[in-house]
Every structure is written in structure tokens, then in C-alpha cells.
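These notes concern the structure reproduced below.
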């Protein structure tokens, strides 16, 4: 028998922009007050039945002129630093639709941008909740409905609200080329809808639920059909120790039915875990699985979509974000193989060369992989867990120095070594930015190293009355007119090579470098003063033709005076060879 399951809704956004408060407003509960710092500390889920949605929306849903077949909405609330990244199913993200919460007064933050990038890459539809409108100067609450409430605001407040909304729209268009509009000013089924809300004052929640439910019903109905009698498919949200039960799993079931005594297969980093369901516990409707006061009732079976607590033996090694499947004894081996294939899609990267990446969960690893590939960055190896000695060894073996890198999302920080660079963070967006910045710096470092191996451009003037020794070696005073002079630099005069600078002295002390404006004495072993050089002569570093060509590619690292010396040098050389240095 087939039926329509509840769409799974993910709530994303920057820390403190009001994700959990928004869910509290929808549930009419007060989860935020129970959590440290009012920030979600763990992943949870809430079932919102359709009759509750209808009651909250009033006549708004009737205006859509739709027949609703979805049984309700199942909301997932993720912590800000890991929004959306821990939750996946084969072929995409666990969520069917998402809400991106943005503080209308603060606008876009790095995690907001990251959330939208992941949603777009995963092709997950979403709406924008422009939260905290109650903090706009002069805003007063008159009604729960935004459409009623906004019409009663003073003209200057309405104008300010419009300004803030259009700032969000402009950023969405500029950064992501997304067509978007305030939900009541365009067809929200054709553009990304922006719904102004106040989670704290409970304003705009009816409109938000109306838009969300309407979109889910119109676009997701076909994909929400499931075979109720089929084996359950789900994703682990959290592993917990429960008094009297031992280790339990908080799981989202998105397909099929799960029953007590079912054989279940759980994905593992090395091999699947096989166990049997000992007990199932279902939270009350409108409850939050994370809330300690939430009451759970034992059930014999549950059908998708649902958040459920699973008690089973031998699950201590389970990892959040891993897939979970119910199976029969006859299909056990096939299910194990299918689960391992699903994990290998993420854990084993197919690129022959590339970076090594680590994540705290399978979902975060997939999100990191997704965004890296969008930037054209190849991945050689991907795995769950902290950085191991094997990871470091693998990174050290990279032939390309730009690939001797390990990226880690939400894992313990580990210092870089002489041979490899390690970049760890809890915002994927920032990790990638740090990687790109490191690449720029690494390129510059390598280019500077290459530049130092070349004969650098330099221009000198032989000072008058400063010949301290005529030959064997010739010692004379010079002033550096441009560039840098170092010992062992070959010199030329009037287009002819005259030999190497053996040593340099300034105020009776040997020096290893002289910059523009410096006066010093230089020693020239194979030069006779008055024959190859004379007072007032202009000398140039005798840059080899191949060094000249390589320096043209590194021109961004040269000073303007050095570039000018190269131009003069090329002009002198091309009098004898018109294609010199080309």
C-alpha cells in the first residue's frame, strides 16, 4: 500500500539568527530556554501534524485552493555550525525542503552563504524567513498574521521593512543569481519566497507555514509517495546514552516502516553494523526529541516520515549521519552491500590526485566534497573521523605541493607539519576560503623561491675616484641605481660580459646584499680597471636569456625599477640578437 509521507524540513541559518526560536514559535514550545546560550546544541526533530498547521494558518491555506494530501511536516533542527551537513540519504540531502533563517537586521553571514550554497548544490528547494522584524525601530505587534500586522505599522516602519527586505533580495541576486521576492508580492511558486517573521513575537508564522506547506504540496507530492510495507530507510541523527536503555539512536525514517525485532543494518566506516531492533520510542506530536521533558511512548512500529528513538544491542560504534536500513535475513547480504556502496560514494573519492578531506559525519563529508568540487578542487581521499597518521602519510606523498593538504570539518585541530598543511574549521565556507588563501600564499612563496634562484636584474654606476685595486682582483666602488646586488652576480658593461662579483663590502664589513641607493666596494676577479670598466660606467647584471624568460612570468613579484632594468637589458641585448628573450 502506498501513501504520502510528511515532507522533511531542514531549518538552516547563522548562529543566533533564530532557527530554534522559529521552531519554538511553530511548536508553541520553549526548547530555547532549556539550552545553554539559547543556541541549539544537538540535532533534533519535530512532527507538526497537518491539523495543527491548518489551525495555525487559519484561512490562509484556503486561499491557495489546494487539496492537501501531506499528513504534516517533519522539522529537523540542526546546530548552526553544522547546518544541513550531517543529514543525507542516498542521492541527496535528507531534507525535502528547507527554511533559511536570516536576521533581517544583520543580513547575510558566512554560515548563511554556506547554507544556501549547499542547498543549491543539492538542488533542495527553500524559502527565506527574514526574522526579528520586531527589532526594527518603531515596530509594534498588532496581530500574529504578518499581512494584517504590517498594514497597521507607521509609514516609516513599513518603508524601513521594505528597505531591509530589498537589501536581502539584492544580496540573493548578486551572490547567487536567485530570482526572489517577498512572498505576497509575486508568485512564490515561481521565485524564492522571503517571509518576514518574528519568532519571538510570533508574527508571520501562519504565512511561513502557508508558503512552506503550499510549496511542499505542489512540488513534492510525487516524491513523497512511499510503500508503507517496505523496509525502513533512515539516517542517524544522534547516538545517546539513555538511563535504563544504554546506547540509543535518534533516527529520521524517510521511507518504509520500521518494526520491533526488525533486523537493521547501520553504515560503518569499515564495515556495516548488523543488529536487531529491541524497542522503538516515539515522541509526542509537537514535542522535541532533544527536550529532556519530552515523553516517549513505546511503539511496535512506525512509518515514514518520522523521528524515532531506536534501542538495539551492539550499536556503540555507530556514527551520526550514517544510513540505517531494515532488512530480512534473506536480503541481509544485499542490504549490507548496498549500504557499503552508499558510504563508499562519499568515503572513497575517485580523483587520482587531490586533497585529503575529513569530516565528523558522512553528511558533513558529502557537503564539503560538494562545495570543493564546485570550485574545481579534486579530492583524492575522503573519510570520517579525526586525522590519522595514515592521512598525514598519504598527504606527504602528494606529488603536487598544492595537494599536500588535509581539510577537516568539525574534527579536532592538529598542527601543520613541514611537509603538509592542515586546515580545520566548523564552517565549510571558511575552510574553502582558507584553502584558496593558502594556495595564493603558497604560489607566491614558490615563485619567490624560484625568483631567488635566478640572476636578479640590477643596475650599477662605477663611482669616481673609488678604484681601490686595479686587478687580481679589481676592487672598485659602486652605487646601486636599481634592483638588488648579491655576491656571485654576473655583470656586463656595454653589452659585454665582464665576470662575477666575488664579494661585497660596506664600511669594511662583508655584506650579502645591496639594495637601491647602497654604495659599496665590489671585487671582480677577471677585470682590469681602465680596460673592461672605468669611472662613470653603467654596469648591468648579466641576466641569462632563460632567466629573463622565467622572470617575465614572475613579473608580479618584481619591483617596478627591476622591470625597467629588464627592459633596458633587453634593448641592449637585442641590438645583437633581435629575438633575445622572446
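Of note:
- Scanning segment 516-524 turns up no residue that is at pLDDT below 90 and over 53 Å from the mean Cα position of the chain (by Cα).
- Verdict on residue 360 being buried (at least 20 other Cβ atoms within 10 Å of the Cβ) and either in the same structural domain as residue 269 (by TED's automatic domain parsing) or within 28 Å of residue 437 (Cβ to Cβ) (or both): yes
- Checked against the criterion of being touching a helix residue (DSSP H, G or I) at 6+ places or on another chain (Cβ under 8 Å), surrounded by fewer than 18 Cβ atoms within 10 Å (Cβ to Cβ) and assigned to a loop (DSSP other than H, G, I, E, B), segment 433-454 has at least one qualifying residue.
So that you can scan it fast, the table gives a plain yes or no per residue for (1) assigned to a strand (DSSP E or B); (2) surrounded by 15 or more Cβ atoms within 10 Å (Cβ to Cβ); (3) modelled with pLDDT under 90; (4) not assigned by TED's automatic domain parsing to the domain that holds residue 387:
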position	(1), (2), (3), (4)
240	yes, yes, yes, yes
248	yes, yes, no, yes
253	yes, yes, yes, yes
261	no, no, no, yes
265	yes, yes, no, yes
270	no, no, yes, yes
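- Against the test of being in the same structural domain as residue 121 (by TED's automatic domain parsing) and modelled with pLDDT under 90, the options 142, 188, 146 yield a single qualifying residue, 188.
- Any chance residue 169 is under 20 Å from residue 22 (Cα atoms), in the same structural domain as residue 102 (by TED's automatic domain parsing) and within 32 Å of the chain's Cα centre (by Cα): no
- Selection of segment 530-562 for residues being within 23 Å of residue 507 (Cβ to Cβ) and surrounded by fewer than 20 Cβ atoms within 10 Å (Cβ to Cβ) yields only 535.
- Of residues in segment 41-85 being in a loop (DSSP other than H, G, I, E, B) and surrounded by 22 or more Cβ atoms within 10 Å (Cβ to Cβ), the one modelled with the lowest pLDDT: 83
- Any strands (runs of 3 or more DSSP E) falling wholly within segment 461-555 and containing at least 1 residues that are within 27 Å of residue 582 (Cα to Cα): 474-483, 490-493, 496-500, 538-541
- First in segment 529-540 and within 9 Å of residue 491 (Cβ to Cβ), second anywhere and part of a loop (DSSP other than H, G, I, E, B) and at pLDDT 90 or above, Cβ under 9 Å, 6 or more apart: 533/527; 540/457
- Leading residue by the ranking (nearest to the chain's Cα centre (by Cα)) among those in segment 372-400 that are touching a residue at least 60 places away in the same chain (Cβ under 8 Å) and crowded, with 18+ Cβ neighbours inside 10 Å: 372
- For segment 218-233, the candidate set comprises residues that are at pLDDT 90 or above and either under 31 Å from the mean Cα position of the chain (by Cα) or outside any strand (DSSP E or B) (or both); within that set, the residue that is surrounded by the most Cβ atoms within 10 Å (Cβ to Cβ) is 232.
- Per-region count, segment 110-139, residues under 25 Å from residue 8 (Cα atoms) and either outside any strand (DSSP E or B) or not assigned by TED's automatic domain parsing to the domain that holds residue 208 (or both): 17
- Selection within segment 148-183 - surrounded by 15 or more Cβ atoms within 10 Å (Cβ to Cβ) and part of a loop (DSSP other than H, G, I, E, B): 153, 178, 183
- Index of the failed condition, residue 310 passing every other in (1) in the same structural domain as residue 235 (by TED's automatic domain parsing); (2) at pLDDT 90 or above; (3) touching a helix residue (DSSP H, G or I) at 6+ places or on another chain (Cβ under 9 Å): (3)
The values are calculated or read from the model by the stated rules, or taken from the named source; none is laboratory data. Since the structure is predicted, the reported quantities are computational estimates derived from the model, not experimental observations. Here Cβ is always computed from backbone atoms with ideal geometry, including for glycine, and neighbour counts include all displayed protein chains.
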